[in-house]
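Enquirer: Just passing along the structure, written as C-alpha cells.
Every number in this text was worked out from the coordinates using simple rules, so none of it is lab data. The model shown is predicted, which means the values in this text are computed figures rather than measured ones. Cβ sites come from the backbone with ideal geometry, for glycine too, and all protein chains shown count toward neighbours.
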Amino acid sequence: MAKLVETTDPKKDSFEREIVLDDPAVYQAADLLTNGDIDTETIRTNVAQMLNAFGENPERDGLKRTPDRVARMYEELLAGYRTDPIALVNDALFEVEYDEMVIVRDIEFYSLCEHHMLPFLGRAHVAYMPRGRVIGLSKIPRVVDMFSRRLQVQERLTRQVADFLMEVLHPRGVAVVVEAIHMCSMIRGVKKHDTRMTTSSMLGAFRNNMATRMEFLDNISRGSEQLHF
C-alpha cells in the first residue's frame, strides 16, 4: 500500500503531502524482465556473425567496432525492461486537493517493433483524473519511456502506460492515446510512408463517461499537427 509522509519542504503548499510507494503490485504493473542485465557479449558475437552472413567483412575498419556499438545501443534502447518503477516515481507522488483532468500531451517516444526489430516513433497523450493523488509532470514522460524502451507493439504500449498509472495513482480514470509511424511499413513490406497508427486506452471515467472522454480528445486535437518524419 502507499504511505503518506508529511513534507518539510517549505516550497510545497501546506496541504501537499508526499506519497511513498511500497507495493509489489507496482512492480507487477511495470512488467519488468528479471533475468539479470542484458547479455552484451552474446549480442557482440551474434552481430559479428550476422555481418559475415551478409557477406561483409567484420574486420574491416568501418565494421570492426560495430558489434560493440550495437550491443551498447541495445542496452540503451531496451533499458525500459529493467527500470525500477518505484524509484522512477516515488519522489514525485503527492496528496493534493485536485480532482479535475490533468493532461500531458505530445510526449515524443521511440520504440522497437518486436516483429522486425525496426523502430517506431511518435507521440503519446496522457490524461488522468486525480482522486487526491497527483504525480509530478516529468514522471509521465518517464513512464512512457519505461514502456517504450522495449521490444513492443503499439497496442500493448498504450495499455501498459494506462494500467501502470491506474495502479500508481488510483485515479478516477486514465486515458492514453498514442500516434506513431512504423519503419517496418515505411522501408519494407508495403512501403507506405504516410501511414500513421493511432491507439487508445480509456479506463475508469474516460471509458464510462462520454463527456469526459470527449473533453480529453478535444484537448489533444486542439492545435495538433500531423506527425512528421
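Enquirer: Quick one: net charge around GLU75, please, counting Lys, Arg +1 and Asp, Glu -1 for every other residue with C-beta under 13 Å from its C-beta.
Expert: Residues near GLU75 contribute +1 overall.
Enquirer: Take the Cα atoms of the chain, build their convex hull, and give its volume per residue in Å³.
Expert: 160
Enquirer: Can I ask one more? With +1 on each Lys and Arg Cβ and -1 on each Asp and Glu Cβ, how big is the dipole of the range 97-221 about its Cα centre, in debye rounded to the nearest 20?
Expert: 380
Enquirer: Could I ask something else about it? Please list, ordered by chain and number, the residues whose modelled amide H lies under 5 Å from the amide H of GLY173; skip anything fewer than 5 residues away on the same chain.
Expert: So GLY173 has HN proximity to MET129, ALA205.
Enquirer: Using all Cα-Cα distances in the range 129-229, what percent lands in each 10 angstrom bin from 0 up to the longest?
Expert: 13, 40, 34, 11, 2
Enquirer: Computed from the mean reciprocal separation of all distinct C-alpha pairs, what Kirkwood hydrodynamic radius does the range 70-147 have, in Å?
Expert: Taking every pair of different Cα atoms in the range 70-147, averaging 1/r and inverting gives 14.2 Å.
Enquirer: With the Cα gyration tensor of the range 43-106 in hand, convert its eigenvalues to equivalent ellipsoid semi-axes via √(5λ) and list them largest first in whole Å.
Expert: For the range 43-106, the semi-axes come out at 45, 13, 9 Å.
Enquirer: Among ALA87, THR198, PHE164, flag the residue with its Cα farthest along the positive direction of the charge dipole of the chain, charges on Cβ as +1 for Lys/Arg and -1 for Asp/Glu.
Expert: My answer, from the dipole projection, is THR198.
Enquirer: Just how large is the dipole of the range 43-84 about the Cα centre, in debye to the nearest 20, putting +1 at every Lys and Arg Cβ and -1 at every Asp and Glu Cβ?
Expert: Charge dipole of the range 43-84: 60 debye, to the nearest 20.
Enquirer: Next question. At 222 nm, what helix-only mean residue ellipticity would the chain give, in deg cm²/dmol to the nearest 500, using -39500 (n - 2.57) for each DSSP H run of four or more?
Expert: -10500 deg cm²/dmol
Enquirer: Sticking with this structure for a sec: I'd like the distance separating the alpha-carbon centroids of the range 103-157 and the range 184-205, in whole Å.
Expert: What the calculation gives is 14 Å, centre to centre.
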